[in-house]
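Visitor: One structure, pasted below without further comment.
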Amino acid sequence: MQRRKFIQNTAILGGLTMVNPTHLMANSTSQFPVVRVPKDQRNFNSKHIEKAIKEFQKNVKDEELAWLFNNCFPNTLDTTVTFSKKNGKPHTYVITGDIDAMWLRDSSAQVWPYMAFVDKDDELKDLIAGVINTQTQYLLKDPYANAFYDDPNKKGEWTTDHTDMLPGVHERKYEIDSLCYPIRLAYNYWKTTGDIAPFDADWQKAIKATLKVFTDQQQKDGTNPYHFQRTTANGTDTRTLKGYGYPVKPVGLICSAFRPSDDSTVFSFLIPSNFFAVVSLNQAAEMMEKIGGDIETAQKLKNLSAEVLKALQDYAIINHPKYGEIYAFEIDGYGNHLLMDDANVPSLLSLPYLDAIDVNDKIYQNTRKFVLSLDNPFFFKGKAAEGIGGPHVGIDMIWPMAITMKGLTSNSHTEIKECIAMLKSTHAGTGFMHETFHKDDPNNFTRSWFAWANTLFGEFLWKTYQQSPELLS
């Protein structure tokens, strides 16, 4: 199913039953009817995740939040993972929800909130190790691709894509974050468990392939080995200038052809993703040195991280007449810049969540004020809620993910409570988060089954419960 074909109202998807919210509420004796997949139909069960859910439900007196947590937090495990063993190693295939393909970004983010439980749950640990192993094989197949099939011989649905497509590749949109997310997952898995089994020769080859892509995409010699065009009515689904995009002046930053929304960039130096790369390159360097014993590659990774960071400091900061120094969203190195933010992560808003910048950094705080205002062309404020959207779905459509990220990066109890209240009031009676909803009408939403948004919301509630439980009352 194409990523832009959204499923709404009544749908039965991979065991996840979604119903028209009006029908659901009118035909149930309970205010919060059971919408979670029955236990015997779930793809994966974790006793420690279930224990966390029971603890939350016992101690959080708000019945609706308890219900939402039960539905959303385990949604990735319930409905999107397939675990097996291949060649004696864990193998985990993770779909996004209503699309039968595994995104490097989404799969990493979907299992990320469960990392806090892997030191107690060996089966969950194996599941995440399986995600790392599967991502490694995908990266070795094509480090420029963003999404893959479990069947290595399957040909993709995109028959009008003009790029170097291989069997087993669902989509070949090159995005910096697609290469960073697997490193983030791998690094934190290693730090949490101490297990180095997934980081074998293949994984180390994948890191070298990532380094080559990032180095090539600095485009210092004026060439670009990647191109992408699609015959489509959606301008953000293709690239200009025969698929190579607008030119950049090589200043040390890394080009990204597409954003984490899978929309094409306007200026290829995508600032949030370059910040993410700084962190990921340093994490990969530490792993290559301490696990792989490869000092040479580790130094190259560190050098590239330092070069990108300096370029960000030199070129990414714009003096806004209202907000002062802020980070641009995209630049081209020639002095042109785009001021906005997008809901998908990495975003400017999400940088502290990704450990890319301190939440109290002055320029970040200035940027935060800008992106959470109507001066950001993709910030929408309506009768139902306010929040960041993006070009991917269109004007006036707010992403719950962005509201969640606002809460996850906030130090304000008032702001956190407001975010929770908005998310609680905009699930349209379904008990799940969606990709987007209209700023004036939560019943006008896209994607009934979008596991990343569900699990991220669960992460937000669990973090709030652990740190400031009074905010959930």
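The values are calculated or read from the model by the stated rules, or taken from the named source; none is laboratory data. Computed from a predicted structure; not experimentally measured. Here the Cβ positions follow ideal geometry from the backbone for every residue, glycine too, while neighbour counts run over all protein chains shown. Protein only, heavy atoms only, side chains kept; ligands, DNA and RNA dropped before computing areas. Shrake-Rupley method; radii C 1.70, N 1.55, O 1.52, S 1.80 Å.
Visitor: Taking segment 194-232 on its own, how many of its residues are small (Gly, Ala, Ser), modelled with pLDDT of 95 or more and open to solvent by 40 Å² or more (accessible area, probe 1.4 Å)?
Guide: Going residue by residue through segment 194-232, those that are small (Gly, Ala, Ser) are 194, 197, 201, 206, 209, 222.
When the remaining residues are screened for being modelled with pLDDT of 95 or more, the result is 194, 197, 201, 206, 209.
Remaining after also requiring open to solvent by 40 Å² or more (accessible area, probe 1.4 Å): 194, 197, 201.
Residues in segment 194-232 being small (Gly, Ala, Ser), modelled with pLDDT of 95 or more and open to solvent by 40 Å² or more (accessible area, probe 1.4 Å): 3 in total.
Visitor: Residue by residue through segment 299-317, note down the ones that are farther than 30 Å from Pro377 by Cβ and open to solvent by 90 Å² or more (accessible area, probe 1.4 Å). Please lay out each step first, then the result.
Guide: So in segment 299-317, the residues farther than 30 Å from Pro377 by Cβ come out as 299-307.
Matches in segment 299-317: Lys300 only.
Visitor: Still on this structure, please answer the following. From Asp221, Asp202, which residue is among the charged types (D, E, K, R) and assigned to a loop (DSSP other than H, G, I, E, B)? So that I can check it myself, show each step before the final result.
Guide: On the way: Asp202 fails: assigned to a loop (DSSP other than H, G, I, E, B).
After applying the criteria, what remains is Asp221.
Visitor: Have a look at Lys369, Lys302 and point out the one that is within 17 Å of Phe214 (Cβ to Cβ) and of a type outside the set (A, V, I, L, M, F, W, C). Give the steps one after another, and end with the answer.
Guide: Values: Lys369 fails: within 17 Å of Phe214 (Cβ to Cβ).
Being within 17 Å of Phe214 (Cβ to Cβ) and of a type outside the set (A, V, I, L, M, F, W, C) holds for just one of Lys369, Lys302, which is Lys302.
Visitor: Then there is this: Got a sec? Which of Asp396, Asp440 is at positive phi and either charged (D, E, K, R) or open to solvent by 20 Å² or more (accessible area, probe 1.4 Å) (or both)?
Guide: Working: Asp440 fails: at positive phi.
On inspection, the qualifying residue turns out to be Asp396.
Visitor: Moving on. Show the residue pairs that are 6+ apart or on different chains and have beta-carbon atoms under 6 Å apart, the first residue being within segment 149-175 and within 20 Å of Val131 (Cβ to Cβ), the second being among the hydroxyl-bearing types (Ser, Thr, Tyr) and open to solvent by less than 60 Å² (accessible area, probe 1.4 Å).
Guide: Filtered contacts from segment 149-175: Asp150/Tyr93; Gly168/Tyr149; His170/Tyr149; Glu175/Ser256.
Visitor: Which of the following residues is at pLDDT 95 or above and either part of a loop (DSSP other than H, G, I, E, B) or closer than 28 Å to Pro225 by Cβ (or both): Gln110, Gln135?
Guide: None of the other options fit; the residue is Gln135.
Visitor: Then there's this: Condition first: part of a helix (DSSP H, G or I) and closer than 25 Å to Leu304 by Cα. Can you find one or more residues in segment 141-159 that meet it? Let's see the steps before the verdict.
Guide: Let us first name the residues in segment 141-159 that are part of a helix (DSSP H, G or I), namely 141.
Cutting the leftovers down to closer than 25 Å to Leu304 by Cα gives us 141.
There is at least one residue in segment 141-159 that is part of a helix (DSSP H, G or I) and closer than 25 Å to Leu304 by Cα.
Residue by residue, here is whether (1) open to solvent by 10 Å² or more (accessible area, probe 1.4 Å); (2) within 14 Å of Ala284 (Cα to Cα); (3) acidic (Asp, Glu) holds:
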| position | (1), (2), (3) |
| --- | --- |
| Gln110 | no, no, no |
| Gln135 | no, no, no |
| Ala145 | no, no, no |
| Lys154 | yes, no, no |
| Ala186 | no, yes, no |
| Thr192 | yes, no, no |
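Visitor: Here is a follow-up. Of all residues in segment 246-264, count the ones that are open to solvent by less than 10 Å² (accessible area, probe 1.4 Å) and either polar (S, T, N, Q) or at positive phi (or both).
Guide: Qualifying residue count, segment 246-264: 4.
Visitor: Go through segment 45-56 and give me each residue that's more than 20 Å from Asp122 (Cα to Cα) and surrounded by 15 or more Cβ atoms within 10 Å (Cβ to Cβ).
Guide: Selection gives Phe56 alone.
Visitor: Sticking with this one: Among (1) buried (at least 19 other Cβ atoms within 10 Å of the Cβ); (2) over 23 Å from the mean Cα position of the chain (by Cα), which single condition is His320 missing?
Guide: The number of the failed condition is (1).
Visitor: Gly292 fails exactly one of the following numbered conditions: (1) closer than 23 Å to Leu349 by Cβ; (2) in contact (Cβ under 8 Å) with a residue 24 or more places away in the chain; (3) out of contact with any Ser or Thr (no Cβ under 9 Å at 6 or more places or on another chain). What is the number of that condition?
Guide: Every listed condition holds for Gly292 apart from (1).
Visitor: Could you go through segment 160-182 and let me know if any residue there is of a type outside the set (A, V, I, L, M), open to solvent by 30 Å² or more (accessible area, probe 1.4 Å) and in contact with a helix residue (DSSP H, G or I) (Cβ under 8 Å, 6 or more places away or on another chain).
Guide: Checked segment 160-182: at least one residue is of a type outside the set (A, V, I, L, M), open to solvent by 30 Å² or more (accessible area, probe 1.4 Å) and in contact with a helix residue (DSSP H, G or I) (Cβ under 8 Å, 6 or more places away or on another chain).
Visitor: Just one of Tyr174, Tyr138 is closer than 19 Å to Asp202 by Cα and either under 17 Å from the mean Cα position of the chain (by Cα) or of a type in the set (Ser, Thr, Tyr) (or both); which is it? Please lay out each step first, then the result.
Guide: Numbers: Tyr174 fails: closer than 19 Å to Asp202 by Cα.
Of the residues listed, the single one that is closer than 19 Å to Asp202 by Cα and either under 17 Å from the mean Cα position of the chain (by Cα) or of a type in the set (Ser, Thr, Tyr) (or both) is Tyr138.
Visitor: Among residues belonging to segment 348-393 that are small (Gly, Ala, Ser), out of contact with any strand residue (DSSP E or B) (no Cβ under 7 Å at 6 or more places or on another chain) and open to solvent by less than 10 Å² (accessible area, probe 1.4 Å), point out the one that is farthest from Leu456 (Cα to Cα).
Guide: It comes out as Gly390.
Visitor: If you go through segment 229-266 one residue at a time, how many are hydrophobic (A, V, I, L, M, F, W, C) and not in a loop (DSSP other than H, G, I, E, B)?
Guide: The initial filter retains those residues of segment 229-266 that are hydrophobic (A, V, I, L, M, F, W, C), namely 233, 241, 248, 251, 253-255, 257-258, 266.
Adding the requirement that they be not in a loop (DSSP other than H, G, I, E, B) leaves 241, 258.
Matching residues across segment 229-266 total 2.
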